[in-house]
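The values are calculated or read from the model by the stated rules, or taken from the named source; none is laboratory data. In this text, all values refer to a predicted model and were calculated from it rather than measured experimentally. When we count neighbours, we look across all protein chains shown, and the Cβ atoms used for this are built from the backbone with ideal geometry, even at glycine.
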């Protein structure tokens, strides 16, 4: 059996969720969209169900997967619905729904519903993807209330640059939100992972009307480019690992891999690892990207191919065929691999495929 696999530590997942609740002092929806960022949405939701206040997914297909698996907790559709026909299964399965566009508001007004909805009304406070403009927000709120179709409204918005720890845009968006929602609703939701970890000075701890939306932090990766004290308390959930399946001795001056990107400057012992970009490892990871071989630091050399990559074993004489290679996990932070490859840990996790997944509890 091919040795490439992803180990998912569910105890670490629970630790990170509890940290989010502790830091925010409020209710928290665990964001499990995109198959829980590649970690397995059903297994992660089951691991958190006893203590999570609910879950958040991107779309109804992801929500129904959880409902079919027996998850009974509240589930929020972060993108709302894409056509009015989805309102029937939304109410049938008791799903919560983001409303971010005028056409969604009109669909709710037109549709005959058998039970009132819980709507999260989205304000565009500066992200400029979706959401009602500040000038239109109060009217949208009033229409929802007047429709008779809504039992509960949560005001929400999303920060565009909360992962930049010294960015003034966070304060500007918060001020925009406070102005647009003043006096309208009691419940609100603003903080995603970077806002929760990095901006406690802007939020009152333990605000009973707040809903947190931790995402990437649940999976143990920092959203920041530099060290941040709270993020350092996270525990990595996914370990991507494989084994060495071949060893080559190269003389100085010889290349390895496609395009001869790496040329040995000394006699080099090369380990071939069963892991490639078809498994989700980033193809553009450069020479020197960190890995760990049998628990010791090592480096990627040569271009990543579809099914294999190569590492430098020259200074690891005990390593050889069958040696364990950690591509990211407790020893090799996913954020460091992502930074080397010019991407983010979110993408690394979401791209993991083909490898066997094992959930450890």
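From the list 246, 259, 253, which residue is farther than 22 Å from residue 38 by Cα, at pLDDT 95 or above and part of a helix (DSSP H, G or I)?
259
Can you confirm whether residue 228 is in a helix (DSSP H, G or I) and surrounded by 17 or more Cβ atoms within 10 Å (Cβ to Cβ)?
Against the criterion (in a helix (DSSP H, G or I) and surrounded by 17 or more Cβ atoms within 10 Å (Cβ to Cβ)), residue 228 does not qualify.
Just give me the residues in segment 166-206 being in contact (Cβ under 8 Å) with a residue 60 or more places away in the chain, farther than 23 Å from residue 137 by Cα and surrounded by fewer than 20 Cβ atoms within 10 Å (Cβ to Cβ), in sequence order.
200, 205, 206 - these are the residues of segment 166-206 that are in contact (Cβ under 8 Å) with a residue 60 or more places away in the chain, farther than 23 Å from residue 137 by Cα and surrounded by fewer than 20 Cβ atoms within 10 Å (Cβ to Cβ).
Exactly one condition in (1) outside any helix (DSSP H, G or I); (2) loosely packed, with under 14 Cβ neighbours inside 10 Å is false for residue 61; which is it?
Just one mismatch for residue 61, condition (1).
Keeping to segment 286-299, report how many residues are closer than 14 Å to residue 339 by Cα and either in contact with a strand residue (DSSP E or B) (Cβ under 6 Å, 6 or more places away or on another chain) or outside the structural domain of residue 242 (by TED's automatic domain parsing) (or both).
4
Results for (1) buried (at least 16 other Cβ atoms within 10 Å of the Cβ); (2) in a loop (DSSP other than H, G, I, E, B), shown as yes or no for each residue.
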site	(1), (2)
281	yes, yes
286	yes, yes
298	yes, no
304	yes, yes
315	no, yes
320	no, yes
327	yes, no
339	no, no
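When you look at residue 222, is it in contact (Cβ under 8 Å) with a residue 40 or more places away in the chain and either under 30 Å from residue 284 (Cα atoms) or not in a helix (DSSP H, G or I) (or both), yes or no?
Yes; evaluated as a whole, the condition is true for this residue.
Any idea how many residues of segment 304-322 are within 19 Å of residue 334 (Cα to Cα) and touching a helix residue (DSSP H, G or I) at 6+ places or on another chain (Cβ under 6 Å)?
Within segment 304-322, residues that are within 19 Å of residue 334 (Cα to Cα) and touching a helix residue (DSSP H, G or I) at 6+ places or on another chain (Cβ under 6 Å) number 1.
With the requirement that a residue be within 24 Å of residue 13 (Cβ to Cβ), out of contact with any helix residue (DSSP H, G or I) (no Cβ under 8 Å at 6 or more places or on another chain) and in a loop (DSSP other than H, G, I, E, B), what does segment 193-212 give you?
Within segment 193-212, 206 is the sole residue that qualifies.
Would you confirm whether any residue within segment 268-275 is in contact with a helix residue (DSSP H, G or I) (Cβ under 8 Å, 6 or more places away or on another chain), surrounded by 21 or more Cβ atoms within 10 Å (Cβ to Cβ), not assigned by TED's automatic domain parsing to the domain that holds residue 41 and not in a strand (DSSP E or B)?
Filtering segment 268-275 down to residues in contact with a helix residue (DSSP H, G or I) (Cβ under 8 Å, 6 or more places away or on another chain) leaves none.
Within segment 268-275, not a single residue is in contact with a helix residue (DSSP H, G or I) (Cβ under 8 Å, 6 or more places away or on another chain), surrounded by 21 or more Cβ atoms within 10 Å (Cβ to Cβ), not assigned by TED's automatic domain parsing to the domain that holds residue 41 and not in a strand (DSSP E or B).
Residue-by-condition table, conditions (1) outside any loop (DSSP other than H, G, I, E, B); (2) under 12 Å from residue 121 (Cα atoms):
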| position | (1), (2) |
| --- | --- |
| 135 | yes, no |
| 146 | yes, no |
| 153 | yes, yes |
| 158 | no, yes |
| 161 | no, no |
| 167 | no, no |
| 172 | yes, no |
| 185 | no, yes |
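Hey, among the residues in segment 10-46 that are part of a strand (DSSP E or B) and crowded, with 24+ Cβ neighbours inside 10 Å, which one's farthest from the chain's Cα centre (by Cα)?
Applying the first criterion (part of a strand (DSSP E or B)) to segment 10-46 yields 27-28, 30-31.
From what's left, crowded, with 24+ Cβ neighbours inside 10 Å: 28, 30-31.
Numbers: 28: 15, 30: 10, 31: 7 Å.
So, considering only residues that are part of a strand (DSSP E or B) and crowded, with 24+ Cβ neighbours inside 10 Å, the one farthest from the chain's Cα centre (by Cα) is 28.
Quick check, is residue 262 touching a residue at least 12 places away in the same chain (Cβ under 8 Å) and within 30 Å of residue 170 (Cα to Cα)?
no
Kindly indicate the residue of segment 64-77 that is within 15 Å of residue 29 (Cα to Cα) and free of Cβ contacts under 8 Å to residues at least 24 places away in the same chain and also surrounded by the fewest Cβ atoms within 10 Å (Cβ to Cβ) among those meeting that condition. So that I can check it myself, show each step before the final result.
Just the residues of segment 64-77 that are within 15 Å of residue 29 (Cα to Cα), to begin with: 66, 71-77.
From what is left, the residues that are free of Cβ contacts under 8 Å to residues at least 24 places away in the same chain are 72, 75, 77.
On the way: 72: 9, 75: 25, 77: 24.
The residue in question is 72.
Could you list, in sequence order, the residues of segment 95-124 that are assigned to a loop (DSSP other than H, G, I, E, B) and over 19 Å from residue 31 (Cβ atoms)? It would help to see each step written out before you state the result.
Our first condition is that a residue be assigned to a loop (DSSP other than H, G, I, E, B); within segment 95-124, this holds for 95, 100-101, 111-116, 124.
Hits for segment 95-124 are 101, 111, 112, 113, 114, 115, 116, 124.
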